[in-house]
Amino acid sequence: MKIVGVYGFKKSGKTTVVTSIINALVKKGYSVSSAKSIHIEDFSLEREGTDTFKHHASGAERVGLVYPKGKAILYYDQSDEELLNNFESDYLILEGFRDYKCPKILCARDEEDLINDLRDEVFCISGIISNEISEYKGMPVINYQQVGKIIEIIEKL
């Protein structure tokens, strides 16, 4: 499984880039999974007093949720690495996961974002800044509407 991360500051175009990549890979016949890292301090799928909260509080290491539109397993005892190893597909596309080591696309709003957040594992840049420039210090800057170019790079990783 190839893992590709898409990260950047809020409102930089990450989700648009991620969904474009997923759609393009699926159209090419690949199986694709995704994971989203949420950086909202008090975010939780469960709240104190809910049944799932009570299941975990009573000692369950994992709690499964089954609801009309999907299924989920809440893992309480795994690192990011351990969690991501649970996925089985040709590609796993990560949104967020700024510190996870894998090939990455940086989504940026402006040059200040590039200066503040460009990391060694970045192989291309996208996001809002792609409406302004097509390269940055020798690195390609690719608009999500040209997702085919991003896919060509991803397939060669």
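The values are calculated or read from the model by the stated rules, or taken from the named source; none is laboratory data. Everything quoted here is computed from the prediction, not taken from an experiment. Note that we place each Cβ from the backbone using ideal geometry, even for glycine, and neighbour counts take in every protein chain shown. The protein model used for the area step is the full one, side chains on, heavy atoms only, and it has no ligands, DNA or RNA in it. Shrake-Rupley method; radii C 1.70, N 1.55, O 1.52, S 1.80 Å.
Just to be sure I understand the model, the point goes 7 Å from the Cα along the line to the Cβ. What's the resulting residue 50 to residue 87 distance in nm?
2.2
What does the accessible area per residue of the chain come to in Å², with a 1.4 Å probe and no ligands, DNA or RNA counted?
62
Is it possible to state the helix-based mean residue ellipticity at 222 nm for the chain, with each DSSP H run of 4+ residues giving -39500 (n - 2.57), the sum divided by total residues, to the nearest 500 deg cm²/dmol? What is it?
-7500 deg cm²/dmol
May I ask you to compute the full-extension gain from residue 39 to residue 11, defined as 0.36 nm times their residue separation minus their alpha-carbon distance, rounded to one decimal in nm?
8.7 nm
Per the Kirkwood definition applied to all pairs of different Cα atoms, how many angstroms is the hydrodynamic radius of the chain?
About 17.0 Å, per the Kirkwood formula over Cα pairs.
Which order do you get for 11, 2 if you rank them by accessible area with a 1.4 Å probe, largest at the top?
Ranked from most to least accessible, the order is 11, 2.
In region 96-154, carbon and sulfur make up what percent of the accessible area (probe 1.4 Å)?
46
Given the protein chains as shown and a 1.4 Å probe, how many square angstrom of residue 144 are accessible, to the nearest 10?
Residue 144 exposes around 90 Å² with every protein chain in place.
When the chain is modelled as a GNM with alpha-carbon springs shorter than 10 Å, which of 36, 101, 28 fluctuates the most?
28
Rounded to the nearest 10 Å², what accessible area does residue 99 have for a 1.4 Å probe in the complete protein model?
120
With label points built 7 Å along Cα→Cβ from the Cα atoms of residue 67 and residue 139, find their separation and express it in nm.
Output for this residue pair reads 3.6 nm.
Return the subset of 36/137; 27/149; 2/69; 71/101 for which the Cα-Cα distance in this structure is over 20 Å, preserving the input order.
36/137; 2/69; 71/101
On the full set of protein chains, 1.4 Å probe, figure out the accessible area of residue 87 and give it in Å² to the nearest 10.
60
If a/c stays under 1.5 just call it rounded; otherwise compare a/b with b/c (prolate if a/b is bigger, oblate if not). Do that for region 52-130, with a ≥ b ≥ c from the square roots of the Cα gyration tensor eigenvalues.
prolate
Measure nothing but the geometry: give the 0 to 90° angle between the long axis through the Cα atoms of 14-27 and the longest principal axis through the Cα atoms of the chain, rounded to 10°.
For 14-27 against the chain, the angle is about 90 degrees.
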